[in-house]
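Coordinate-derived values only; no laboratory data. Everything quoted here is computed from the prediction, not taken from an experiment. Glycine also receives a Cβ, built like all others from the backbone with ideal geometry; neighbour counts cover every protein chain displayed.
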Amino acid sequence: MKVRTNLPLPPTAPAPANDAGRRRPFWLVTIAGLATWIVLTRAAFGAEVVLRPEISDADGRVTLGEIFDGAGAAGEVVIANRPGATVVLDAGAVQAAARRAGLDWANAQGIRRIIVRGGAGARAVTGSHNIEVLSYARSLAAGEVVQPEDLIWTKAAMAPPDAPRDAESVVGMAARRPLREGAAVGLRDVTAPLVIKAGDSVSVTYQDGGVSLTLTAKALAAAAVGESLNVQNTASKKVIEAVCSGPGQAVVGPAALAMKAARATSQFASR
């Protein structure tokens, strides 16, 4: 039996060739395709923009150009109104608005809110008969921390005597008592959030010059930063007064006196 040895081989697809007709290596073709994909992907997301370090507007209408560097023609797009001295914008909503306008803001820092202030000679978007006051967008329980979305600007006949000039002074503070939706915001409504609770383990530090001592104590009361509280030394069971300096931290001695003085000055200035 004879076997034919001159059968034709299966056809193979030629490798891509360059202008000189020479075949390019497969890895080079792959890299070129990947580069093209990256360029097309970036184009699909839009032009890259960078958040401005200081954001302000002059006419009460906040545009993408006032928020981002490199916004180009999309910089004229208005995305919010500033009814008061400032307005707090949700970073996710701003990012979505930028994307709709053909801009790409990566927000690599994970920013959650953007505060826009009125620039020199700025005016706010207000009504002609009533004044704009900062109000609560929902009811808050005592101790609940105020978030940007909890505040809105509304029209009212008058503002509380301690009404904040901007939302920034209230965001991050804790409600002193239950607060009703729609009520005008007053600085006496809020306080610094509690960072130590009764029963917490607290590291108490005494420092004066080159001397530094630290002991572990049990908190006998809750406190915010700058507030005094009694703590019990877990070793000697002695109760001492300290000043809260942070979550699970308190100080005694000169540092405590300095924090008390700073807190008293701040409270007097806010009246």
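Some values worked out for this structure:
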{"item": "Calculated FRET efficiency for the pair Arg138/Arg99, C-beta based, R₀ 30 Å, to 0.05", "result": "0.60"}
{"item": "Neighbour-count ranking [beta-carbon atoms within 10 angstrom, fewest first] of Leu215, Leu257, Leu103", "result": "Leu257, Leu215, Leu103"}
{"item": "Tail weight of P(r) past 17 Å, computed on alpha-carbon pairs of segment 48-118, percent", "result": "33 percent"}
{"item": "Separation in nanometres of the label points that stand 7 Å from Cα toward Cβ, at Ala108 and Lys197", "result": "3.8 nm"}
{"item": "Segment 194-269: projected area of the alpha-carbon convex hull, averaged over directions, in nm²", "result": "4.8 nm²"}
{"item": "Translational D in µm²/s for segment 131-191 (Stokes-Einstein at 10 °C, 1.306 mPa s, Kirkwood Rh from C-alpha pairs)", "result": "142 µm²/s"}
{"item": "10 Å binning of all Cα-Cα separations within segment 78-226, expressed as whole percents from 0 upward", "result": "10, 29, 27, 19, 11, 4, 0"}
{"item": "Two-site label geometry, Ile131 and Ala156: point separation in nm, points 7 Å out along Cα→Cβ", "result": "1.0 nm"}
{"item": "Footprinting exposure proxy for Tyr136, Tyr206 (fewest neighbouring C-beta atoms within 10 Å first)", "result": "Tyr206, Tyr136"}
{"item": "14 Å beta-carbon shell around Arg112, net charge (K/R +1, D/E -1)", "result": "-3"}
{"item": "Table column - 3J(HN,Hα) (Hz), segment 207-214, Karplus curve with 6.51, -1.76, 1.60, x for Gly and Pro", "result": "9, 8, x, x, 9, 9, 10, 9"}
{"item": "Nitroxide proxy distance, nm - points 7 Å out along Cα→Cβ at Ala224 and Val239", "result": "2.4 nm"}
{"item": "Ranked list, fewest to most other Cβ atoms within 10 Å of each Cβ, for Glu241, Glu132", "result": "Glu241, Glu132"}
{"item": "Dipole moment magnitude, nearest 20 debye, segment 147-271 about Cα centre, only Lys, Arg, Asp, Glu C-beta charged", "result": "380 debye"}
{"item": "R0 of 25 Å, Cβ-Cβ distance Ile115-Ala261: FRET efficiency to nearest 0.05", "result": "0.25"}
